Every structure is written in C-alpha cells, then in structure tokens.
Amino acid sequence: MCGIVGYIGKREAAPILLNGLKRLEYRGYDSAGIAVVNGEMQVLKRKGSVSNLEEFMSGTVMIGATAGIAHTRWATHGSPSDRNAHPHMNVSGDIALIHNGIVENYTSLKKDLIGQGYAFTSETDSEVLVHLIDRIWKADPSLDLEGAVRQALRHVEGAYGLCIVSSREPDKIVVARKGSPLVIGIGEGEYFIASDAAPIVEHTNKVVYLSDGEMAVVTRNNYTVKTIENVEQEKRITELDFSLEKIEKGGYEHFMLKEIFEQPEVMRDVMRGRVRLDEGRIQLGGIEDYLDRLKQAKRIVICACGTSWHAGLIGEYLIEEFARIPVEVDYASEFRYRNPIVTSDDVVIVISQSGETADTLAALRLAKEKGAMVMGICNVVGSTIARETLCGMYTHAGPEVGVASTKAFTAQVIVLFMLAMALSKGRTISHDEIRLYLRDLADVPDKVARILEQNDAIKEIAAEFKDAKNALYLGRGFNFPVALEGALKLKEISYIHAEGYPAAEMKHGPIALIDEDMPVFFIATRDNTYTKIISNIEEVRSRKGRVIAIASEGDSEIGRLAEHVIYIPQASGPVMPLLTVIPMQLLAYHIATLRGCNVDRPRNLAKSVTVE
Ligand code: F6R
C-alpha cells in the first residue's frame, strides 16, 4: 500500500528515485512525487502513474542533488490528485515527508494545528505529520530533525512508514516505522530506503529491516537505528536472495502473465528439499521443531485475506482430509474484531504473500495474546508476519509484482499440502499413502506446464466472453475454493461482476441469475463429485446459461454438455486445485487484457494492503 523510496549517496538522486518508484508502482499508482535536497528543497508531484511524474519532471532541474525521497500513492484519505500526492511540505518549504499508513488521530491533530495557524494544502491524513514536526522543531530549535520527528511521533496514533528530509539538515534522511514496512539497503558510500526490497535489489543485496517502533537516521556514511523512545538498536544485515531479473517482465507483456507462466518452476522451488520422494517423506525445516505441538493441536484456525484466504480454505480441506485435525478458516479482518474463542490448545496459521497485510498481522497478534501457537506461511522473506510468528514456512515463489496473486497462491497451496502430509505422518495415513500423494504432488509442475500450452486456445474462449457483465464460477469439494479464486481473479482485473459458489448451492439462489448471457465456469474434473457436477451443468443448460467446463483429459461425455471445454491432466482430488486454477488465471488475464484493462495495475487495488 503506497511505495516509499529514499536515496542518499554520491550519485544523482532523482533518476535512482524514479527508477525505484517504477519498481514499486504495484503498491499504488494514484499519484507519485519526489523531493530532493540540493541546497534547497525541490518537490515535484503529479496525479497518476510514475510516468506522468517523469514527463512532468523532464526539463526541470533536479540535477546535482544526491539525497531525496519519493513516493507512489494508493489513496486512503483524500482523492487521487496533485495536491494529495506526497511528499508533503511544511509551510516554509524546508521539510518534506512521505508516509505509508494511516494517521488515525489526524482529525484532532489537524484541528490543533489549524488552531495554531497552520494552513493545510491537501486532504490527506499524512500532511498533519509534516506540520506537527515543523511545530515541534520551531518550538524547540535546539532539537535536530531526528529529535523533532521523535517527539512528533509520540502524538501520533496509527500506522506509518515515514521518510523525512530537510534542507536545514541536507545530509540525512530520517525514517520511522510502525505497522508499515521499511528496508534500508546498504551500498558503498550510499544507502537506499524502500518500503520493500524491489527498488533496492539492483543496487545492493545487503539490507536491514526496520522493526515496528524503530527510527533510523541515514547519512552518506552510516545509519543508526534507535527505538522511538531513543534506545539504540543492534540490527542484523540480511542478504537478499532474489535477482533483478526476477522482478522484471522477462519478455512477457505483463507481470501477471509472467507469473502465471513461472508456476511450474515456482512449484518445483517450493517442493525442493522438502518433498523427499525416494524416502516418501516431507522435510519442513521451518516447523520441524514444532511439528509435535502442531500435531497435538485441538484445532487449527487459518487466518488470511483475499486469495490467501482461498488457499486457506483448500488448506482446511487438506488438513481435515489427511490429518483429521479440525480446521476453521477465518477472514483475518473478521477474526480480529469478533472476539474469537482461541486458547493455548489451538494453532493459528496466518497466510500472507506480502507478509504485511494489516488485518492478517493484527489477527496474528491477537492469536498470540490469547496464547495460541502462531505459525506463518509467507512469501516475502523477512516480512513482518514472517518475523512475528513463532515458526513458519516460506513459499519461495519469488517476488510477485502483478497485483493479482497467481504464483503465490499455488505456492501457498503446495505448502499447505506438504503441511497436511507432515501432520498426518505416523498418525492418520500410512507411509504408502503418503508416498502416493507425494508422487501426485511432484507430478503437478509438469501437468501445469501442459495446461499452459493451451494458452492460445484459452485466449480464444476468453474473447467470446470479454463483454460479459456477470459470470458465475462453480466447483465442489477441493475445487470450491478454486471457484472463489476464479471469480476473484476475474472481477479484480476485468471489473466484470463475478461470483464463486459451491456448485450445489447454485439452486439455493444464484440459479435465478442464469440466462442466455450468463457465462458459467464449471470445474468438473473426474473425482467423487463428478456426477453431481454433471447434474448441476444440466440445470444451467436447461436455463440457457453458457457453460464453460474445466474437465479431465479423456472425459468424452462433457463435450456434449458444455459450449467450451478446457481439458486438464488427471490427478487425485487433493492436488486438483493446483491444476484447475491455471485455466482460471489465464481466462481472467485474457478477458481483462482483451477489454483493455491494465491487469498489473487494476483500479483501486494495491499489492500490499497495509491499512485496515
Ligand atoms: C488477489 C489478491 C489479494 C491478496 C490479499 C492478501 O489477487 O492479491 O486478495 O491475496 O490482499 O494479501 P497477502 O497475501 O499479501 O496477505
């Protein structure tokens, strides 16, 4: 949610900052802005994408400045506009600030500041911060920028990732974090600051992650990290393990398509070293020491949002099927506000691609408070959720840049599959059964590659439905969460209204929507629900709905019932979601691009939702 970049060193700051913003644009693209310090402060900001800002900047002089900050915004308070864009400045124009997060008490702070004569130029909550710092600094000129920021933050409620520069102290950047991630990249005589590692990786692979409640002062020669209460902190330098190539498009038209096509490789990476086919066992380093406790859980509660929540639902089916441990799946946002019953006998699993989703993080903290053991499944290494959980597993899907989650989802499902196997071992299923299921799982990447070969045919089907106003997605059993995921993918990137349902639920309401214009995507693979699904297809056909089926290779019957069939390789029910979701992703992608939508940057969305 919003992207932050900062640079201080020997090189021209502006191009580095602009380039960094481009790498972060998936975090928000309502507006972008930049501030550099070169004797005096120069600030430029523009509504719209980073390229708008770049165009606006051409011909302006930011030359010679070797320190600065920049921001790409996802609006929370105040519409997307030039004046609501960050950086925000104090009245005398010598402090510039960028902010991710939400200042919850901004109304009262703003009222006080207006009462003291401060004039506001934007509708944002963030602007109060710069005036507050200004007021504190003016009231006590013996403070430095760091001191003024520190004091200001004592008055602030809410979440922030902050970067502040001042022409009064041109050789430093002050940063602070509470609830919104910040990373410092360590170069040779230069430092980079960012809200995630994507803009840093091309410059250095050495980073320091700030923790909540920490501030840092970054100069050309060093950085110091203290708590907001002014206690010095020892920080560990982490080496990033992803390359620039991994965050670029690699010849694909969109990140989303690249990430869909990366899935066979990603799936192999997720399993690498963990699935021991020859021995018929699973090795899960991140949770090994906690496995016994996990097996003894009276109940497992899975908390997540969006696509990660869909993966959690599949996790529920897998863990209950194999390990016979009761599982509940909660939206993190509901869990945190409904006073859930959680005890120390429970295990709470939080799932998050970004590892920064505010609701999921709050659910994690609540579960910990209530004494549950909390385990994480995250993609972003070193993310807040990964750090705050007792144990966990990384999905190793590599950076996911497309706003619509694809490869992170299938990686999460594989991790949950492996977890279900590990929880079952020695308890609920035999060694031979585990071996068979692992074989099935290990075959998935090749099968996914075969499905991807049908991309052109899937695009042709997509073309027929690109002008649909609504769509229904139906599946049963392990494929029900895939129906939800298919519908979410379509609506978020194409803006077509879509609903996912358990197929049998259709007759309890949604069937009323079916007419000759309604595409109904059925997941109708050969498993124990197949004959029931066929009856559901008949029900749709008799109401003239347009049926598109995802079916198993060799199914000779289904072609008679469906207008279009996408055949996928056969596999056992528990691994099926990993296959059936692929046509769903491709259909959504093609429908959206054929409608002219920007799939990597769908309207109103951002990659990492660090606000409630
Ligand atoms: C949908 C999508 C979102 C995320 C959700 C949770 O394609 O990407 O629904 O799944 O915002 O994000 P994470 O997994 O980062 O917690």
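The values are calculated or read from the model by the stated rules, or taken from the named source; none is laboratory data. All figures in this text were calculated on a predicted structure; none of them were measured in a lab. Glycine gets a Cβ as well: all are built from the backbone with ideal geometry, and neighbour counts include every protein chain shown. Each accessible area value is taken on the protein alone, full model and side chains, heavy atoms only, with ligands, DNA and RNA left out. Shrake-Rupley method; radii C 1.70, N 1.55, O 1.52, S 1.80 Å.
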* **Qualifying residue in the range 357-375 (condition: within 11 Å of the ligand (Cβ to nearest atom) and either part of a strand (DSSP E or B) or modelled with pLDDT under 90 (or both))** => no
* Asked: Which ones in the range 546-556 are open to solvent by 10 Å² or more (accessible area, probe 1.4 Å) and in contact with a strand residue (DSSP E or B) (Cβ under 9 Å, 6 or more places away or on another chain)?
  -> R546, E553, G554
* Within the range 202-238, how many residues are touching a Phe, Trp or Tyr at 6+ places or on another chain (Cβ under 7 Å) and either free of Cβ contacts under 8 Å to residues at least 12 places away in the same chain or open to solvent by 20 Å² or more (accessible area, probe 1.4 Å) (or both)? -> 3
* **Any hit, the range 322-334, residues being within 30 Å of E253 (Cα to Cα) and within 12 Å of the ligand (Cβ to nearest atom)** => no
* Examine the range 468-480 for a residue that is in contact with a His (Cβ under 6 Å, 6 or more places away or on another chain) and either among the hydrophobic types (A, V, I, L, M, F, W, C) or in the same structural domain as P574 (by TED's automatic domain parsing) (or both), and state whether such a residue exists. => yes
* Asked: From E328, E265, which residue is out of contact with any strand residue (DSSP E or B) (no Cβ under 6 Å at 6 or more places or on another chain) and open to solvent by 40 Å² or more (accessible area, probe 1.4 Å)?
  -> E265
* Subset tally (residues that are crowded, with 18+ Cβ neighbours inside 10 Å and either among the basic types (K, R) or not assigned by TED's automatic domain parsing to the domain that holds N100 (or both)) for the range 149-184 -> 4
* Determine if the range 395-402 includes at least one residue that is buried (at least 24 other Cβ atoms within 10 Å of the Cβ), aliphatic (A, V, I, L, M) and not assigned by TED's automatic domain parsing to the domain that holds L578. => yes
* To do: Just need a number here: residues in the range 463-501 that are open to solvent by 10 Å² or more (accessible area, probe 1.4 Å), part of a helix (DSSP H, G or I), within 16 Å of the ligand (Cβ to nearest atom) and under 11 Å from F522 (Cα atoms).
  => 0
* **Test: residue in the range 228-244 that is outside any helix (DSSP H, G or I), within 16 Å of the ligand (Cβ to nearest atom) and not assigned by TED's automatic domain parsing to the domain that holds G402** => no
* Asked: If you go through the range 521-538, how many residues are more than 11 Å from G475 (Cβ to Cβ) and open to solvent by less than 50 Å² (accessible area, probe 1.4 Å)?
  -> 3
* Asked: If the Cβ limit is 9 Å and pairs must be 6+ apart or interchain, which residue in the range 505-516 that is touching a residue at least 40 places away in the same chain (Cβ under 8 Å) pairs with which residue that is among the polar types (S, T, N, Q)?
  -> L513/N470
* Asked: Name the helices (runs of 4 or more DSSP H) wholly within the range 271-342 that hold at least 3 residues that are touching a Ser or Thr at 6+ places or on another chain (Cβ under 7 Å)?
  -> 306-323
* Quick one: how many residues across the range 88-110 are within 28 Å of R601 (Cα to Cα), touching a His at 6+ places or on another chain (Cβ under 9 Å) and open to solvent by 10 Å² or more (accessible area, probe 1.4 Å)? -> 1
* To do: Residue by residue through the range 334-361, note down the ones that are hydroxyl-bearing (S, T, Y) and open to solvent by less than 40 Å² (accessible area, probe 1.4 Å).
  => S352, S354, T357, T360
* Within the range 448-462, can one find any residue that is open to solvent by 60 Å² or more (accessible area, probe 1.4 Å), within 16 Å of the ligand (Cβ to nearest atom), among the basic types (K, R) and assigned by TED's automatic domain parsing to the domain that holds L587? -> no
* To do: Could you list, in sequence order, all residues of the range 124-148 that are open to solvent by 10 Å² or more (accessible area, probe 1.4 Å) and not in a helix (DSSP H, G or I)?
  => D140, P141, S142, L143, D144
* Asked: Looking at T121, is it open to solvent by 80 Å² or more (accessible area, probe 1.4 Å), over 24 Å from V218 (Cβ atoms) and in a helix (DSSP H, G or I)?
  -> no
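For the range 149-187, what are the residues that are among the basic types (K, R) and not in a helix (DSSP H, G or I)?
Kept after step one, since they are among the basic types (K, R), are these residues of the range 149-187: 150, 154, 168, 172, 177-178.
Selection gives R154, R168, K172, R177, K178.
Here is a yes/no grid of residues against (1) surrounded by 18 or more Cβ atoms within 10 Å (Cβ to Cβ); (2) in a loop (DSSP other than H, G, I, E, B):
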{"residue": "G33", "(1), (2)": "yes, no"}
{"residue": "V37", "(1), (2)": "yes, no"}
{"residue": "E54", "(1), (2)": "yes, no"}
{"residue": "T60", "(1), (2)": "no, yes"}
{"residue": "A70", "(1), (2)": "yes, no"}
{"residue": "H86", "(1), (2)": "yes, yes"}
* Asked: Are any residues in the range 528-554 at pLDDT below 95 and among the acidic types (D, E), and if so, which ones?
  -> E538, E539
* **Filter result for D432 (among the acidic types (D, E), farther than 25 Å from N536 by Cα and either at pLDDT 95 or above or crowded, with 24+ Cβ neighbours inside 10 Å (or both))** => no
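If you go through the range 567-579 one residue at a time, do you hit one that is of a type outside the set (A, V, I, L, M), within 16 Å of the ligand (Cβ to nearest atom), open to solvent by less than 40 Å² (accessible area, probe 1.4 Å) and under 27 Å from A311 (Cα atoms)? Quick ask: steps written out before the conclusion?
Applying the first criterion (of a type outside the set (A, V, I, L, M)) to the range 567-579 yields 567, 569-570, 572-574, 577.
Add one more test, that the residue is within 16 Å of the ligand (Cβ to nearest atom), and what stays is 577.
Checking which are open to solvent by less than 40 Å² (accessible area, probe 1.4 Å) leaves us with 577.
Next cut, under 27 Å from A311 (Cα atoms) only: 577.
Yes, the range 567-579 contains at least one residue that is of a type outside the set (A, V, I, L, M), within 16 Å of the ligand (Cβ to nearest atom), open to solvent by less than 40 Å² (accessible area, probe 1.4 Å) and under 27 Å from A311 (Cα atoms).
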* Which members of the range 188-206 meet the condition of being more than 30 Å from E104 (Cα to Cα) and either part of a strand (DSSP E or B) or assigned by TED's automatic domain parsing to the domain that holds G355 (or both)? -> Y191, K206
* To do: Write out, first by first residue and then by second, each pair whose Cβ atoms fall under 8 Å of each other, whose residues are 6+ apart or on separate chains, and whose first residue, in the range 272-298, is on the phi > 0 side of the Ramachandran plot and touching a residue at least 40 places away in the same chain (Cβ under 8 Å) while the second is open to solvent by 70 Å² or more (accessible area, probe 1.4 Å) and in a helix (DSSP H, G or I).
  => G280/H431; G280/D432; G280/R435
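Please go through the range 383-392 and pick out each residue that is of a type outside the set (D, E, K, R), within 14 Å of the ligand (Cβ to nearest atom) and open to solvent by 10 Å² or more (accessible area, probe 1.4 Å).
Matches in the range 383-392: A386, T389, G392.
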* Can E321 be described as among the acidic types (D, E) and modelled with pLDDT under 95? -> no
